[in-house]
1. Go through the residues of the range A:121-129 one by one and say whether even a single one is touching a residue at least 24 places away in the same chain (Cβ under 8 Å), among the basic types (Lys, Arg) and surrounded by 21 or more Cβ atoms within 10 Å (Cβ to Cβ).
2. Do we find that A:CYS194 is within 14 Å of chain B (Cβ to nearest Cβ) and in a loop (DSSP other than H, G, I, E, B) in this structure?
3. Quickly run through the range A:610-638 and pick out the residues that are crowded, with 18+ Cβ neighbours inside 10 Å and closer than 25 Å to A:LEU373 by Cβ.
4. I'd like to check which strands (runs of 3 or more DSSP E) are fully inside the range A:571-649 and have at least 2 residues that are under 27 Å from the mean Cα position of the chain (by Cα).
5. Can you work out which of the residues in the range A:19-57 that are touching a residue at least 40 places away in the same chain (Cβ under 8 Å), among the hydrophobic types (A, V, I, L, M, F, W, C) and more than 25 Å from A:CYS161 (Cβ to Cβ) is surrounded by the fewest Cβ atoms within 10 Å (Cβ to Cβ)?
6. Among (1) under 23 Å from A:GLU397 (Cβ atoms); (2) away from chain B (no Cβ under 11 Å); (3) in contact with a Cys (Cβ under 6 Å, 6 or more places away or on another chain), there is one condition A:SER211 misses while meeting the rest; what is its number?
7. Among the residues of the range A:63-99, write down those that are in a loop (DSSP other than H, G, I, E, B), surrounded by 21 or more Cβ atoms within 10 Å (Cβ to Cβ) and hydrophobic (A, V, I, L, M, F, W, C).
8. Regarding A:ALA402, is this residue closer than 21 Å to A:GLY355 by Cα and in contact with a Lys or Arg (Cβ under 6 Å, 6 or more places away or on another chain)?
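The values are calculated or read from the model by the stated rules, or taken from the named source; none is laboratory data. What you are looking at is a predicted structure, and each value in this text was computed from that prediction instead of being measured. Here the Cβ positions follow ideal geometry from the backbone for every residue, glycine too, while neighbour counts run over all protein chains shown.
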Amino acid sequence: MSDRKEITLTVNGNQVKGKEGDTVLQLCRANNIYVPTLCFMEGLSNVGACRLCVVEIDGERRINPSCTYPARDGLVVRTHTPNLEKYRRLILELMFTERNHFCFFCAASGDCELQAQAYRYQMDHARYPYTFPALPTDTLNDFMVIDHNRCILCGRCVRVCGEVVGNHTLDFSRRGWRTLIAADLNQPLGESSCISCGACLQACPTGAIFSKVSAYRGRTSEGKVIHSICSLCGIGCEIDVLVKDNNIVRIDGANLAGLKGQLCLMGRFQQVYNENQRIITPLIRNKKGDLEPASWEDAMKLITGKIKDYKAYYGASSIAGFASSLCPSETLEAFVKFMRNTIGTSFIDTFDGSGYRAVIQGISTFSKNGKGLEIESPLESIMDADCVMVVGSNPLETHPVAGSYILRAKTQKKVNVIVVDSRPNTFGFRSDIYLRPDNGSEAALLGALEGLVAKKTKSTEKSMRFISLGRAVEKTGLDKDAIQKAAAMLSRAKNPVIVYGDGVLSANNPKLIARLLDLAKLANHDGLKVISLKPRGNSRGAWELGLANQDGMAKIKPKMAYVLFSDDTFETGDWVDQVGQAEFLVAQASYRSQLTDCADVVLPSPIWAERKGKYVSLDGKVGHSQKVLEPSSGIKDDVEIITKLAKGI
Amino acid sequence: MPDTSTEPPVSNAKIVNTPEEQEDNRRRTRKVLKKFNRKRENLVPVLQQVQDELGYLPREAMLEVAEYLKVPEVDVYGVVTFYNQFRLKPPGKHSIRVCLGTACHMKGGYILLDAWKRRLGVDRGETTADREYDLDTVACVGCCAMAPVNVIDKKAEGRVSPTRVDGILLAFKMEKEKKAKEKPD
C-alpha cells in the first residue's frame with residue numbers, strides 16, 4: 001500500500017495529504033474532517049446511495065458524494081457550505097417523510113444514525129407531507145425482525161450480507177419508491193437461506209432490522225461496552241458486549257467488516273438470554289435422593305472426604321477428571337494440577353478428547369517426525385485459497401463464521417468448494433461438488449482422490465498407498481464421474497485448503513485424518529493447508545495443556561468422577577458412559593442439566609461472561625476474554641474452588 | 001387520491017400451483033435453460049424466454065434459473081421485480097388494462113381501477129384465483145380523446161363508466177356459458 005502516490009488536496013481551505021486511490025471521504029475521515037454519512041460503512045463497497053456525504057468540488061458542475069469520488073492531486077473541496085447543509089437537511093426531511101420514522105416507538109432510538117443526523121441538523125419538522133406507507137414487518141426469524149417501515153434503503157444490510165458474510169440472502173426488490181429489501185424469492189427471513197448471523201442487524205443504521213433479544217432493553221449510552229472474545233467455538237471472534245445493570249443487553253461484532261468480528265447466531269443472540277436454570281449454591285444429594293442446597297463448607301468437606309476415601313481404598317487411579325474446553329486455560333491448568341499432582345490420577349480428559357487423539361495419531365501416521373497441531377494452517381488461509389474442500393463438517397452449523405469465510409471466498413473470488421460428508425449436509429447444496437460416500441468409506445474416497453490428483457499433477461511426493469478408482473466406487477457407492485470431477489477440481493487448483501470438522505473428529509479414525517493430510521500435501525505444492533474445526537472455544541488450549549493425551553482413555557472405568565462442566569451443553573461421547581459408571585459424581589456446572597441431575601455433589605460455576613482468561617483459538621492464536629458480568633454472591637471462580645479443594649487434601 | 005400504495009404484490013387471491021403443474025413448469029424451464037450457457041449476464045434473456053414459455057415466472061422457474069446460472073435467488077427476484085415486463089402472477093384468460101395516463105386520470109381512471117378491484121377481488125398486477133381475469137394498469141394507450149380508456153383483451157374501450165365494468169364482465173360470463181352449451185363435456 002505504501003507505493004501509492006501521495007497527493008495533496010485543499011479541504012475547506014486547509015492543505016490535506018492523502019494517498020492516490022483514496023476517496024474524498026476516506027481522506028476527510030483520515031484528517032478528522034467530519035462528513036455526515038448513512039450508507040457508508042467501513043469495509044464495504046461504496047455506493048453513494050444516501051447522498052448525505054455530498055461535497056462541493058471546484059470544477060465540478062454539481063455537488064458530488066464524497067464516498068464515491070476518487071481523490072486527485074490539487075482538488076479543492078468544501079464540505080460544509082450553507083448550500084450543502086441546506087441540501088443535507090432536505091435529504092433528511094425526505095427520508096423522514098418517505099416512511100415511518102417516529103423515534104419514540106423504535107427499538108433503535110438512541111442508537112440510530114438517522115436520528116443522530118436529524119438531531120445534528122436540528123430537524124424538528126419536515127416540510128413535506130408524510131406518505132405513511134403500510135409496509136409489512138417480517139418477524140418470522142427467531143432472532144431478528146425486519147420492519148420495512150423504518151428502512152431508508154441505504155443497502156448496508158445487502159452489502160454486508162453479500163460481501164462480508166458471503167451468503168447473499170438480502171437484496172433490493174422492485175424499484176423507485178416501491179423498493180423493498182427482500183430475502184431470497186421474497187420469503188420471510190425465517191424461511192429463507194438466511195443463517196441468522198445478525199450482520200445485517202449490526203450494519204443497519206436505523207431500527208429497520210432489530211434483534212428480538214436486545215430490543216428495548218437499553219441504549220449504548222446507558223450501559224458499558226466491554227471488549228472481549230467469544231469463547232464458544234475455536235474461531236475467537238472479537239465481541240463488544242453492552243452491559244447494563246449487570247445484564248447483557250447486546251453483543252456486537254467488534255469489527256464487522258474485518259475477519260474476526262462478524263459473529264454468528266450463537267455468539268450474537270443465544271448468549272444474550274439463556275433460559276436454563278442457573279445453579280447458585282452448592283447442592284448435595286440427601287438420603288431421599290434429592291439434590292438440596294448446602295453450604296460451601298459442607299460441599300467441600302464432602303468432596304475432599306470422598307476423594308481421600310476413594311484414594312485410600314481403590315487408589316488414585318480410581319478417580320477420573322473431565323473438563324469442558326469452554327473453560328479458559330487458567331482454569332484448565334488448575335484442574336490438571338489438581339488431578340495430576342494433588343490427587344495423583346492420570347485419568348483426565350476433555351469432552352472432545354477422542355477427537356484430539358485421532359488428530360494426533362493421524363498426524364504421527366502421516367509425518368512420523370513428532371509434529372503436532374502446528375502443521376495446521378491459520379483460518380485466514382481460506383481467504384487466499386482457490387479451492388476449498390470441506391470434509392465431514394457443516395461449518396454453517398458448527399462454526400458459522402468459518403462457513404462464511406468459505407462462502408465469501410466462493411461468491412467473491414469464485415473459489416470452488418467441494419463437500420465430502422457421509423451424513424446429510426446442507427452445506428453440500430451450496431458447494432460446487434457434493435460427494436456423499438457411504439458411511440465409513442471416506443478414507444477410500446480420499447485414497448482414490450489422492451491417486452487421481454497425483455497422476456494429474458505428476459507429483460513425486462511420497463505418500464500413502466493410493467486406492468484405485470474402481471475400488472473406491474465400489475466402497476463409497478459414488479458415481480465415477482463425480483470422483484473424477486472432484487479430483488480434476490483439486491488438481492487444477494494451485495492453493496487448495498482442506499477443512500475438516502466434527503464428522504471426522506468423532507469418527508475415531510486416525511487413518512482418515514492421515515489420508516486427509518496426505519491429500520492436502522499432494523494437492524498443494526506450497527505445503528499442505530489443513531484446518532480442523534475443533535468443537536470448543538479452548539479445545540486447542542486444553543489439548544496443548546495435555547488434558548487429552550491418554551491413549552486408551554476410552555477403556556477406563558472410574559469409581560469416582562469429577563466433571564468440570566461449566567456452561568457447556570450436554571454432549572455425547574465416551575466420557576458420558578464413563579461418568580455414568582462412576583459411583584460418586586461431582587459436577588461443577590453453571591446450569592441444571594442431565595449431568596447435574598445424576599450428580600452427588602454439584603458446585604456452581606461461573607458462565608463465560610463471569611470469568612476472564614486465556615483462550616487458544618483453533619489455529620493457535622491466543623486471545624483473552626474479559627469479565628463482563630459480576631457473578632451472584634454464591635458463585636465462586638473455578639480456579640478458586642479447585643485451589644481450595646486442593647488445600648483440603 | 002390516486003392509488004399510490006406501496007404494498008408489495010401480495011394477494012389475498014392465492015394462486016397455488018399443484019405439484020404436477022410445478023413439475024411441468026420446472027421441466028419447461030429446464031428446456032429453455034439448455035439453450036444458454038451458465039453466465040450471469042444471461043439472466044435477463046433467460047427470464048424473458050422462460051416467460052415466453054410459461055406466460056409468467058412462477059417461483060419454481062426462478063429457483064431453476066438461479067441454480068442454473070449460479071446466482072443468488074434474491075438476485076433473480078430483484079431483476080424480475082425491477083423490470084415491468086416480468087410477471088410473477090399467471091396471466092388470466094382475459095386481460096384487463098386500466099389506463100392511468102394524464103387524460104384518463106383526469107376523467108376518473110382510478111375510479112375505474114377501484115371498480116375493477118372490487119368486482120374481481122384482486123389488486124393491480126394480480127390474477128383472479130380462477131385464472132379468468134388479470135388486472136393491471138397502463139400509462140396512456142394513445143387515444144386520450146376516448147378517456148377514460150380500458151383495454152380489454154387488446155381492444156380499447158373508450159368512455160368507460162364504472163357501471164360498464166359490470167357489463168363487460170357480464171358479456172364474458174355469457175360468452176363462457178354459450179361456449180359451454182355448444183361444447184358440453
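1. First pass over the range A:121-129, keeping only residues touching a residue at least 24 places away in the same chain (Cβ under 8 Å): A:121, A:123, A:126-129.
The next check asks that each one be among the basic types (Lys, Arg); those that pass are A:127.
Next, only the ones that are surrounded by 21 or more Cβ atoms within 10 Å (Cβ to Cβ) stay: none.
Looking through the range A:121-129, none of the residues is touching a residue at least 24 places away in the same chain (Cβ under 8 Å), among the basic types (Lys, Arg) and surrounded by 21 or more Cβ atoms within 10 Å (Cβ to Cβ).
2. On the way: within 14 Å of chain B (Cβ to nearest Cβ): yes; in a loop (DSSP other than H, G, I, E, B): yes.
Here the answer is yes, as A:CYS194 does meet what is asked.
3. A:ARG611, A:GLY613, A:TYR615, A:VAL616, A:SER617, A:LEU618, A:ASP619, A:GLY623, A:SER625, A:ASP638
4. Counting at least 2 such residues, we get A:584-589, A:613-616, A:622-625.
5. A:ILE33
6. Here A:SER211 clears every test but (3).
7. Residues satisfying the conditions are A:CYS67, A:ALA71, A:LEU75.
8. Values: closer than 21 Å to A:GLY355 by Cα: yes; in contact with a Lys or Arg (Cβ under 6 Å, 6 or more places away or on another chain): no.
No.
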